[in-house]
1. Quick one: length gained pulling Lys142 to Tyr216 fully straight, 0.36 nm per residue minus the C-alpha distance?
2. Taking θ as phi - 60°, what are the ³J(HN,Hα) couplings along segment 210-216 by the Karplus curve (6.51, -1.76, 1.60), each to the nearest whole Hz, with x for Gly and Pro?
3. In whole Hz, with x marking every Gly and Pro, tabulate ³J(HN,Hα) for segment 184-194 from phi via Karplus 6.51 cos²θ - 1.76 cosθ + 1.60, θ = phi - 60°.
4. Of Cys75, Cys46, how do they rank once you tally other Cβ atoms within 10 Å and put the fewest first?
5. Please compute the modelled spin-label separation between Thr184 and Arg42, points set 7 Å along Cα→Cβ, answer in nm with one decimal.
6. Under 28 Å Cα to Cα from Lys20, which lysines show up? Leave out anything in the same chain fewer than 8 places away.
7. How large is ³J(HN,Hα), in whole Hz, for each residue of segment 111-125 in order, when computed from phi with the Karplus curve 6.51 cos²θ - 1.76 cosθ + 1.60 and θ = phi - 60°, using x for Gly and Pro?
8. Going by the alpha-carbon gyration tensor, a ≥ b ≥ c the square roots of its eigenvalues, is segment 169-212 rounded (a/c under 1.5) or, if a/c is not under 1.5, prolate (a/b greater than b/c) versus oblate?
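Values in this text are rule-based calculations from the coordinates and carry no lab data. Just so it is clear, the structure is predicted and the values come from calculations on it, not from any experiment. We place every Cβ from the backbone using ideal geometry, glycine too, and count neighbours over all the protein chains shown.
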Amino acid sequence: MTYQVILPAAGRGKRMGAGKNKLLLELDGIPVLIHTLRVFERDAACNGIILAINSQDEPEFQLLFKRFNMTKKVCLVTGGTERQYSIYNALKTVKSDGMILVHDAARPFIQIEHIHRLVEKAEKTGAAIIGVPAKDTMKTVKDGLVAATVERSSLWAIQTPQAFRVSLLQDAYERAEKDQFLGTDDASLVERLGHPIAMVEGDYENIKLTTPEDLYIAEAILKKRQREIS
């Protein structure tokens, strides 16, 4: 079981309000990007890392790779104006038809055991995504008024990574480009092909760092995991 992973990292993180790429923000003195990359560096099953970046960030990213002694080669490609365009640029560099993962670089807490479960499922089905059951009551709202309460047991909050057979994801992206369709995640593009997508349960710590408040949560998760190790 091996895989390659694409990490879109070209966004400017406007909601974080950091004035720079949010992946350069630090958790316990280490940039978010390095925390995420280290997960895949530790995983022997990962045989390729592709980072889609804004070209102006390349010098700083290269310095980080040296500073933190990254041993696995990270292939850099130019990102696009949308996440989907960044991933498509990265996907075009993948030649083999094995397993490809797409993971938000701003999710530093994904666990290797969950990655392996995801890849194993995708090897059987061609496509698999990870997430957690919704905990809150969900309602649809129209014009500021509650229209209905949604039955919660079938609702999941979807995370990354998402895993696919390379040829399947390439087909999905080619179709999306042809139809000028912009999806909310990679799975939404594959869904348009009518291909079934398996669901794998992850954990609630696999958060995406989007707003300043998320950094406080991230620090708490990091301290919790450090206590568990010590």
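1. 23.4 nm
2. So the Karplus estimates, Gly and Pro as x, are 10, 10, x, 4, 5, 5, 5 Hz.
3. 8, 7, 5, 4, 5, 6, 5, 4, 5, 7, x
4. Cys75, Cys46
5. In this crude label model, Arg42 to Thr184 measures out at 3.1 nm.
6. Qualifying lysines at Cα under 28 Å: Lys66, Lys72, Lys73, Lys92, Lys208, Lys223, Lys224.
7. Values, residue by residue: 9, 4, 4, 6, 4, 5, 4, 5, 5, 4, 5, 5, 5, 8, 10 Hz.
8. Oblate, because a/c is 1.5 or more while a/b does not exceed b/c.
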